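The values are calculated or read from the model by the stated rules, or taken from the named source; none is laboratory data. Note that the coordinates shown come from a computational prediction; the quantities given were computed from them, not determined experimentally. Positions of Cβ are generated from backbone atoms using ideal geometry, with glycine treated the same way; all protein chains shown enter the neighbour counts.
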Amino acid sequence: MTDPTPCDRPHQDGADDPQRAFVLTVVQPGLAGLMDGSVSTLAPIFAAAFATEDTWPTFLVGLAASVGAGVSMAFAEALSDDGRISGRGSPWLRGWICGGMTAIGGLGHTLPFLIPQFTTAMIVATIIVIIELVTIAWIRNRWMDTPFLSASFQVIVGGAIVFGLGILIGNL
């Protein structure tokens with residue numbers, strides 16, 4: 001019989017089980033941040049891109065959205081749970097991880113807009129979005145025991161909705 005995954009085990013303080021502590025303190029806040037940064041910044045970045053068709057303002061909007069979301073998510077994670085009842089570990093560590101991954105998620109598809117050619121920047125940014133979404137699905141599969149196809153479908157549908165809203169708003 002195999003050992004149950006961290007999600008299947010009964011509630012216990014993460015300190016008793018190093019893998020559970022890692023999942024609760026690092027993986028889960030990192031995943032939440034990456035998902036938030038990768039998906040929530042799609043609409044403002046691509047709305048700016050389609051509204052202006054200029055890479056520099058798009059980069060500035062993406063930078064502001066990514067950094068702002070990172071700071072917001074860092075505080076939200078750190079202040080939402082002190083870790084004593086849930087066993088999720090240090091709130092400040094979780095906050096740094098969540099906020100950092102949020103910023104990274106948004107910056108991934110923001111940085112291509114440093115490329116001065118608009119079409120090239122859009123193509124590279126779109127490819128990075130796809131890589132981000134597949135990475136999120138892989139992390140969900142690896143650490144949260146979500147079947148890869150199910151995780152991929154969920155993440156791609158959510159990302160596509162937000163991406164589409166960004167394009168729609170940018171073309172108003």
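Summary of values
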| item | result |
| --- | --- |
| Positions within region 54-73 being within 15 Å of the chain's Cα centre (by Cα) and surrounded by 21 or more Cβ atoms within 10 Å (Cβ to Cβ), in sequence order | 62, 65, 66, 69, 70, 73 |
| Residue within region 86-99 that is charged (D, E, K, R), outside any helix (DSSP H, G or I) and surrounded by fewer than 17 Cβ atoms within 10 Å (Cβ to Cβ) present | no |
| Residue within region 124-136 that is charged (D, E, K, R), within 23 Å of residue 46 (Cβ to Cβ) and assigned to a helix (DSSP H, G or I) present | yes |
| Where a residue in region 11-35 is assigned to a helix (DSSP H, G or I) and its partner, wherever it lies, is at pLDDT 85 or above and aromatic (Phe, Trp, Tyr), with Cβ under 9 Å and at least six apart | 14/22; 22/143; 23/143; 27/143; 28/143; 29/96; 31/143 |
| Positions within region 31-55 being within 12 Å of residue 98 (Cα to Cα) and either touching a Pro at 6+ places or on another chain (Cβ under 8 Å) or of a type outside the set (D, E, K, R) (or both), in sequence order | 31, 32, 33, 34, 35, 37 |
| Hey, residue 142 surrounded by fewer than 14 Cβ atoms within 10 Å (Cβ to Cβ), without any contact (Cβ under 8 Å) to a residue 12 or more places away in the chain, outside any helix (DSSP H, G or I) and more than 13 Å from the chain's Cα centre (by Cα) or not | no |
